[in-house]
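Step one of this worksheet: look at the structure below.
Throughout, read-outs are computed from the coordinates displayed, never taken from laboratory work. Computed from a predicted model, the values in this text were never measured in an experiment. Methodologically, a virtual Cβ is constructed for each residue, glycine included, from the backbone with ideal geometry; neighbour enumeration extends over all protein chains shown.
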Amino acid sequence: MTRLFVVALALLVTGPAWAHSGAGDVGGFAAGLLHPVSGVDHMLAMIAVGMWGAQLGLPLIWLLPVTFPLVMALGGLLGGLGVPLPAVEPGIAASVLVLGAMVALAFRPPAWVAALIVGMWAIFHGYAHGAELPAGADAFTYGLGFVIATGLLHLVGIALGSIIRWPAGVTALRAGGAAICAAGLWLLVG
């Protein structure tokens, strides 16, 4: 099922990736739905949230993927209103690094700390997209598509994280987190 979902997402993304550039059609539901899979930064961070939630188990397997889009929507509102937030793009790249590291290190904080970590990075992701929404665009339908796609990426991460049921899966999951962390480092310095 996960493979089928990943293939379907790959087939949907046939145009150039305009993540965080302000280019392209960003004004409606379809654009909001497709945008999260058009940028490696957002995609990796969302998958890492799902993986970390799966690694932490109940209730965080669901709390983290619910926290992220809710706080991301708040960040989008702040960006749309023009509230200043420094270092948005470095913050997004750092989110990939940190969230990948949480999985790689199998970090097990209290639930409120894990939710705070996820929420802190969600602000940056939401802000970037709220700030880039063109004047006159339908922010609600775009945001709805964006939140749904984000949730689906979290589900991909949860599905990938389900490999922890097997002894070798624990190591594989941590290796996947390390790869995401390395990608975050590359995004941060690249």
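Placing a label point 7 Å from the Cα of L70 along the Cα-to-Cβ direction, the residues of the stretch 97-130 whose backbone N falls under 16 Å of that point are 111-123.
Dipole magnitude for the chain: about 640 debye, using +1 per Lys or Arg Cβ and -1 per Asp or Glu Cβ, origin at the Cα centre.
The stretch 88-111 and the stretch 120-190 have Cα centres spaced 11 Å apart. Using C-alpha pairs below 8 Å separated by at least 6 residues, the relative contact order for the stretch 41-189 is 44 percent. Couplings 3J(HN,Hα) of the stretch 79-95, computed from phi: x, x, 7, x, 5, x, 9, x, 6, 5, 5, x, x, 5, 4, 5, 4 Hz, in residue order, whole Hz [Karplus 6.51 cos²θ - 1.76 cosθ + 1.60, θ = phi - 60°; x for Gly and Pro]. Computed packing ranks the peptides 163-173, 144-154 as 144-154, 163-173, most packed first, by mean other Cβ atoms within 10 Å.
For the pair A111 and W186, the difference between a 0.36 nm per residue extended length and the Cα-Cα distance amounts to 24.1 nm. When each of the peptides 112-124, 42-54 is scored by how many other beta carbons lie within 10 Å of its residues on average, the order from highest to lowest is 42-54, 112-124. Taking Rg and Dmax of the Cα atoms in Å as the quantity of interest, determine which of [x] 18.5, 60; [y] 17.9, 56; [z] 15.6, 52 was computed from the displayed structure. The value computed from this structure is option [z].
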